[in-house]
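A short write-up of the structure that comes next.
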Amino acid sequence: MLVLTGAGVSAESGVPTFRGGGGTSVWKGMPFYVISSAEMLERDLKEVWAWFDYRREIIEKLVPNAAHIALAGWHDRFDDFTLVTQNIDGLHARAGSRNVIELHGNIRRARCMHCSTRYELGEQDEKERPPACLECGGALRPDVVLFGEMLPAGAFETAAAKAQSCELCFVVGTSALVYPAAALPEIARSSGAYVVEVNPERTPLSDLCDEVIQGRAGEVLPMFDKDSINESKI
Ligand code: BJW
């Protein structure tokens, strides 16, 4: 079984989504796809840090919701369970999920733009922006995947292989607009998996799905356990 999650799975924890509900996330007058882009990193690294510092401070005060907790329980219920997320908030791991494939990185890490050494942000973080790499003195950047950047080496390939071999694929809380993440359910479907979408709104993926459950992740996911999944046509 493979589960792909997006910003909607964290919405009930209080993490703002990027799209959905007819709106687009904006910061200091800039739409997220401008500030969260490789171009902005080139143009204004300090401003990119300010955007991620702002969001990290919000996220650190939030806690996993019923959807994260339900998915953490699925690890032990399904033999070959893979959780793939586009989220950078780390809430799946905080709920107890293991081996989460984080396609778009993690907001609590930084990475050297010169030598690629990674750092956990936190105690030693003195708010020098951009921070300097302790290994080579290069500038650090948030360890997240911005528009126009490649995903972490191997992350998509591992997820795609799991999508190709899974029998059941849940797609939860994503607008399914951003590639290559949105290709995972397409790969699963074309390899014969049963694909279920959980989202209050329809997405470009809805028509491809075998089942669309229109609802909030924190309400829908706790209703599934292994028996109910086996008993239903899922
Ligand atoms: C609920 C709910 C509740 C609300 N319960 N649900 C093929 C075709 C066209 C373009 C491309 C392509 N391949 C690649 C591209 C370019 C680009 C792309 O996809 N563009 C499209 C948007 C047009 N992709 C990339 O650039 C990627 N890189 C790449 O492909 O590298 C190769 C390459 C390099 C150079 C050139 C070309 C190719 C990288 C993408 C990185 C995305 N990064 C971001 C920002 C991360 C950092 C940050 O957080 O700021 O990732 S963008 C943003 O979107 C973030 C998210 O992870 C991602 C997906 O959003 P998500 O999770 O779906 O959230 P929303 O807000 O969109 O939707 C929320 C959903 O939840 C809604 O549906 C609600 O209804 C629902 N919801 N409450 C359940 N309670």
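General observations
- Residues in segment 29-46 that are more than 7 Å from the ligand (Cβ to nearest atom) and of a type outside the set (Asp, Glu): 29, 30, 31, 34, 35, 37, 38, 40, 41, 43, 45, 46.
- Pick from segment 94-112, criterion more than 16 Å from the ligand (Cβ to nearest atom) and surrounded by 12 or more Cβ atoms within 10 Å (Cβ to Cβ), ranking: nearest to residue 63 (Cα to Cα): 94
Each row is one residue, and each column tells you yes or no for (1) part of a loop (DSSP other than H, G, I, E, B); (2) closer than 30 Å to residue 170 by Cα.
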{"site": "14", "(1), (2)": "yes, yes"}
{"site": "19", "(1), (2)": "yes, yes"}
{"site": "24", "(1), (2)": "yes, yes"}
{"site": "42", "(1), (2)": "no, no"}
{"site": "53", "(1), (2)": "no, no"}
{"site": "56", "(1), (2)": "no, yes"}
{"site": "64", "(1), (2)": "yes, yes"}
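- If you go through segment 178-190 and keep only what is within 11 Å of the ligand (Cβ to nearest atom), closer than 24 Å to residue 65 by Cα and in a helix (DSSP H, G or I), you end up with nothing.
- Segment 75-90 residues that are more than 30 Å from residue 147 (Cβ to Cβ) and away from the ligand (no atom under 12 Å from the Cβ), paired with ones that are assigned to a loop (DSSP other than H, G, I, E, B) and of a type in the set (Phe, Trp, Tyr) (beta carbon under 7 Å, 6 or more apart): 75/81
- Residue count for segment 146-168, restricted to those that are out of contact with any strand residue (DSSP E or B) (no Cβ under 7 Å at 6 or more places or on another chain), more than 16 Å from residue 187 (Cβ to Cβ) and touching a residue at least 12 places away in the same chain (Cβ under 8 Å): 1
- Only one of 9, 26, 3 that is of a type in the set (A, V, I, L, M, F, W, C), more than 12 Å from the ligand (Cβ to nearest atom) and under 30 Å from residue 191 (Cα atoms): 3
- Odd one out for residue 49 among (1) in a helix (DSSP H, G or I); (2) surrounded by 15 or more Cβ atoms within 10 Å (Cβ to Cβ); (3) more than 13 Å from the ligand (Cβ to nearest atom): (3)
- Number of residues in segment 130-177 that are more than 16 Å from the ligand (Cβ to nearest atom), among the charged types (D, E, K, R) and surrounded by 15 or more Cβ atoms within 10 Å (Cβ to Cβ) equals 1.
- Remark: pairs (first residue in segment 19-44, charged (D, E, K, R); second residue within 11 Å of the ligand (Cβ to nearest atom); Cβ separation under 6 Å; 6+ apart in sequence or on different chains) = 19/175.
- Inter-residue pairs, beta-carbon under 9 Å, first in contact (Cβ under 8 Å) with a residue 60 or more places away in the chain and in segment 191-211, second basic (Lys, Arg) and within 13 Å of the ligand (Cβ to nearest atom), 6+ apart: 199/216; 200/216
Since every read-out is calculated from the coordinates, none of them should be taken as a lab result. Every value quoted in this text rests on a predicted model; they were computed, and no experiment measured them. Quick reminder, even Gly has a Cβ in these numbers, built from the backbone with ideal geometry, and neighbours come from all protein chains shown.
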